[in-house]
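See structure below.
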Amino acid sequence: MSRLPAGAPIVTAAQMRAAEEAVFAGGATPLALMERAGVAVARQVARLAAGRPILVLAGTGGNGGDGYAAARLLREAGCDVRVASLGPPTHPAAMTMAARWTGPTWPLASAASAPVVVDALLGIGAARPFAAEPAAALDRLLALADLRIAVDLPSGRDPGTGEGGIQADVTIALGALKPAHVLGDDRAGHVLLADLSIPLASDWSTLSRPTLRPPRREATKFTRGKLVVVGGAMAGAGVLAASAALHGGAGYVILAEPERRDGAPHALVRRHVADASALATLLADDGIGAVLVGPGLGRDEAAQAQLAVVLASPHDLVIDGDALTLLGREVGARIGTDRRRVFLTPHGGEFSRMFTGHGSKIAATAGAAAASGATVIHKGPATVIADPSGRVQVAADASSWLASAGTGDVLAGLVAARLAAGDEHPAETAVWLHGRAAARVGAGLIADAMIPALSPLLDRPST
Ligand SMILES: NC(=O)C1=CN([C@@H]2O[C@H](COP(=O)(O)OP(=O)(O)OC[C@H]3O[C@@H](n4cnc5c(N)ncnc54)[C@H](O)[C@@H]3O)[C@@H](O)[C@H]2O)[C@@H](O)CC1
Ligand SMILES: Nc1ncnc2c1ncn2[C@@H]1O[C@H](COP(=O)(O)OP(=O)(O)O)[C@@H](O)[C@H]1O
Ligand SMILES: [K+]
């Protein structure tokens, strides 16, 4: 997945259509808007083709109309362009664009391929899978191309979920990112966003760059964020989370462990907590800014008892890993979001044990946040952060080297550190730091290596 613009709106196909309708109501014609799309596509294709012959695959709807417009503009600019047509357009503006294209045209089935293939067959209006015949022709034409550029969406990709579709190297998102540009596999390739001057309003966006500030001059280790990490059976997970919290900006991190343990980092305040009542005593402290429970907790009776004590405490919470599985479908009823802030950090499996999500990963996560009253950080190749008010941010360009044991513990520690430190947007800041730290460590990363990479980011938010 490519680097996507930060803080860019993400709209559904329905919202995109409504935004276009508003532009039409303001006096622009569908043809004028299609010409804008054609100009944006032609500009990018000319740059990427760099003189190589171009074949534009044109469908029968609006997407095909964009393709005919781009083909004409590329030809006028001196490029070697041909069109392979799926059939006569049915979309009114596309009919006009097809009539204005006077260059060489072949039926899709008998067209020869070219080094650069522009896929303008189907966009956000596609309703059904390709029939066998055009699908075979498409496979042949794409297989012979050196560069495959999709207009708006790779044809056949579900705009809402990012499932399916042809493999593209570059996708030019028209007017706005849609869920299919940030969700799903990497068949959209490198995503470019073309501005068509269509005003948009959306509660959903890509992750914004956070505002990071040094501790206040009058800070003490306690006011900078006192955090309790509840460790469990798997000792490493708690240490990873607590270490990440220290390097992620918390001032005072206590690791509560069921056994007496020692070791680095020595800045960590280790407390032996033999049972649930010892944990309750530790948590009876007004100075605690947040509690993290779940990494390495286990799922036995002792774990259940520790979780119950944490839930009975008044503190803001980050709940991860095994604690999410223990909560399961009862999550909303048990976490007490009427009296504190709660952040849930599930991966896909943990999410499905808690919530019966509907629709795309974005819609399902937004639904989970609304139902539970918590901010839900639904991890994976695209990490979707949804808060109970309906605001969603998506981090879609994290390194796939993050698919490695322990990186989730690091993220949970970071969310907890930012929450304890009073960050207004702890989830967003944590996910951003996590992604940037992974990028800095690079190929073959292990969770431990991310931790020292965090601190420099606190000081240099622009890297
Ligand atoms: N309305 C406009 O003036 C604008 C349209 N835009 C473009 O228009 C697209 C949306 O246009 P449409 O709503 O026409 O939708 P599409 O062009 O995505 O597809 C709908 C058309 O494809 C046909 N179709 C659907 N499934 C098919 C299949 N499996 N095999 C063959 N044909 C199939 C339909 O019968 C219909 O003609 C956007 O993605 C964007 O590219 C942009 O240019 C912005 C301006
Ligand atoms: N393919 C991927 N691309 C980018 N990030 C990924 C990918 N797979 C997992 N991640 C990220 O790695 C982390 C893994 O968390 P998790 O599954 O809880 O692991 P663990 O429990 O072992 O720490 C999450 O932040 C997740 O978003
Ligand atoms: K397309």
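Name the helices (runs of 4 or more DSSP H) wholly within the stretch 387-463 that hold at least 1 residues that are of a type in the set (A, V, I, L, M, F, W, C) and either more than 22 Å from GLY321 (Cβ to Cβ) or within 16 Å of ligand 3 (Cβ to nearest atom) (or both)?
In the stretch 387-463, 426-441, 447-459 are the helices (runs of 4 or more DSSP H) which contain 1 or more residues that are of a type in the set (A, V, I, L, M, F, W, C) and either more than 22 Å from GLY321 (Cβ to Cβ) or within 16 Å of ligand 3 (Cβ to nearest atom) (or both).
Taking (1) over 23 Å from ARG299 (Cβ atoms); (2) surrounded by fewer than 15 Cβ atoms within 10 Å (Cβ to Cβ) in turn, GLY251 satisfies each apart from (2). The number of residues in the stretch 64-83 being near ligand 1 (Cβ under 7 Å from one of its atoms) and within 11 Å of VAL118 (Cα to Cα) comes to 2. The residue that is surrounded by the fewest Cβ atoms within 10 Å (Cβ to Cβ), counting only those in the stretch 313-335 that are touching an Asp or Glu at 6+ places or on another chain (Cβ under 9 Å) and farther than 15 Å from LEU292 by Cβ, is PRO314.
Meeting the requirement of 3 or more residues that are closer than 18 Å to ALA447 by Cβ and touching a residue at least 12 places away in the same chain (Cβ under 8 Å), the helices (runs of 4 or more DSSP H) wholly within the stretch 232-341 are 235-247.
Working carefully through the options VAL39, VAL45, find the one that is surrounded by 19 or more Cβ atoms within 10 Å (Cβ to Cβ), modelled with pLDDT of 95 or more and assigned to a helix (DSSP H, G or I).
VAL45
Per the listing MET34, MET97, the residue uniquely over 32 Å from the mean Cα position of the chain (by Cα), at pLDDT 95 or above and within 12 Å of ligand 1 (Cβ to nearest atom) is MET97. The C-beta contact set for the stretch 187-203 (first residue at positive phi and outside the structural domain of VAL41 (by TED's automatic domain parsing), second residue surrounded by fewer than 17 Cβ atoms within 10 Å (Cβ to Cβ) and among the aromatic types (Phe, Trp, Tyr), distance under 7 angstrom, 6+ apart or interchain) is empty. Considering every residue within the stretch 200-223, establish whether at least one is within 16 Å of ligand 1 (Cβ to nearest atom) and in contact with a strand residue (DSSP E or B) (Cβ under 9 Å, 6 or more places away or on another chain). Yes.
Taking the criterion of being touching a Ser or Thr at 6+ places or on another chain (Cβ under 7 Å) and buried (at least 20 other Cβ atoms within 10 Å of the Cβ), the only residue of the stretch 11-35 that qualifies is VAL11. Within the span defined as the stretch 153-174, one or more residues are surrounded by 24 or more Cβ atoms within 10 Å (Cβ to Cβ) and closer than 16 Å to THR60 by Cβ.
Only one of ALA114, ALA94 is in contact (Cβ under 8 Å) with a residue 24 or more places away in the chain, of a type outside the set (Phe, Trp, Tyr) and in a loop (DSSP other than H, G, I, E, B). Can you tell me which? Being in contact (Cβ under 8 Å) with a residue 24 or more places away in the chain, of a type outside the set (Phe, Trp, Tyr) and in a loop (DSSP other than H, G, I, E, B) holds for just one of ALA114, ALA94, which is ALA114.
The values are calculated or read from the model by the stated rules, or taken from the named source; none is laboratory data. Just so it is clear, the model here is predicted, and its values are computed rather than measured. Virtual Cβ from ideal backbone geometry, glycine too; neighbours counted across all protein chains shown.
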